[in-house]
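Only one structure is covered here, and it is reproduced in the block below.
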Amino acid sequence: MTVLDDPQIDPKEAAILRAAFECFARYGLRRTSMADIAAGAGMSRPALYLHYAGKEDIFNALVRNHFETSEKAVERVLAQPGPAAEVLLATFHAIDGEAVEAMLNSPHADEILSANGPFSQAAVIEAHARITRHIQRWIELGVEEGRYSLDGLQATADEFAAAVMATKFGIKSFAKDFADYRAAQSRVAAIFGKALSR
């Protein structure tokens, strides 16, 4: 389930965000108009403006909602047992949710992923930090239980978690497409998983 399908989300808000997501993937940020989003959401432009000031405001909301959903998914994944590499790969997939595949497969991927403003929102920065702390606690618990080790890595659990997150987000910049991105995620998860294994 995505946040757009959450029954606690206002149905009109969910319709707007779903329509915007589809428009941004299809047309890109610059070419998408408020009229496109309104039509996709089944409402008039004036009605849409009662909810959002503009398409940038809607894109910001989409990014915030994505990270809220990601954080919940990451918590569920990290609570499951399994080899470190498998758990880390599942964590990467949980962070991505359904949105990243659509965005990376969009002909407008570069434009969408280069939009820095939405990712520098306080709520997104805070969610990113919380996800990093979830990974840190997972590592700490694994070390306490003797499943993982940081010996010889010259890193604390928080530094290791930060490196995992930085690498996970960094590979998106170099991926040619979604398949390439997924393959890179698998390699990164295997490397970090091997480093943690006793």
Region 153-186, residues that are surrounded by 13 or more Cβ atoms within 10 Å (Cβ to Cβ) and among the basic types (K, R):
K168, K172, R182
Out of the residues in region 44-57 that are open to solvent by less than 60 Å² (accessible area, probe 1.4 Å), in a helix (DSSP H, G or I) and out of contact with any Phe, Trp or Tyr (no Cβ under 9 Å at 6 or more places or on another chain), state the one that is nearest to I125 (Cα to Cα).
D57
How about region 58-124: which helices (runs of 4 or more DSSP H) wholly inside it have at least 2 residues that are charged (D, E, K, R)?
84-96, 109-113
Right, A189: at pLDDT 95 or above, open to solvent by 30 Å² or more (accessible area, probe 1.4 Å) and out of contact with any Asp or Glu (no Cβ under 7 Å at 6 or more places or on another chain) or not?
no
Looking at region 1-23, I want the residues that are at negative phi and of a type in the set (G, A, S) and have a partner that is part of a helix (DSSP H, G or I) and at pLDDT below 90 with Cβ atoms under 6 Å, at least 6 apart or on another chain. Which pairs are those?
A14/L4
Is it true that some residue in region 87-109 is open to solvent by 40 Å² or more (accessible area, probe 1.4 Å), over 20 Å from A189 (Cβ atoms) and either free of Cβ contacts under 8 Å to residues at least 60 places away in the same chain or touching a Gly at 6+ places or on another chain (Cβ under 7 Å) (or both)?
no
Criterion first (within 15 Å of the chain's Cα centre (by Cα) and either polar (S, T, N, Q) or open to solvent by 50 Å² or more (accessible area, probe 1.4 Å) (or both)) does F21 satisfy it?
yes
Being open to solvent by less than 70 Å² (accessible area, probe 1.4 Å), at pLDDT 95 or above and closer than 30 Å to A14 by Cβ is the requirement here; does A73 meet it?
yes
Tell me, yes or no, whether region 134-145 has at least one residue that is modelled with pLDDT of 95 or more, basic (K, R), open to solvent by 20 Å² or more (accessible area, probe 1.4 Å) and closer than 21 Å to N60 by Cα.
no
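The values are calculated or read from the model by the stated rules, or taken from the named source; none is laboratory data. Computed from a predicted model, the values in this text were never measured in an experiment. Note that each Cβ is placed from the backbone with ideal geometry, even for glycine, and that neighbours are counted across all protein chains shown. Just so you know, the surface numbers come from the protein's heavy atoms only, side chains and all, with ligands and any DNA or RNA stripped out. Shrake-Rupley method; radii C 1.70, N 1.55, O 1.52, S 1.80 Å.
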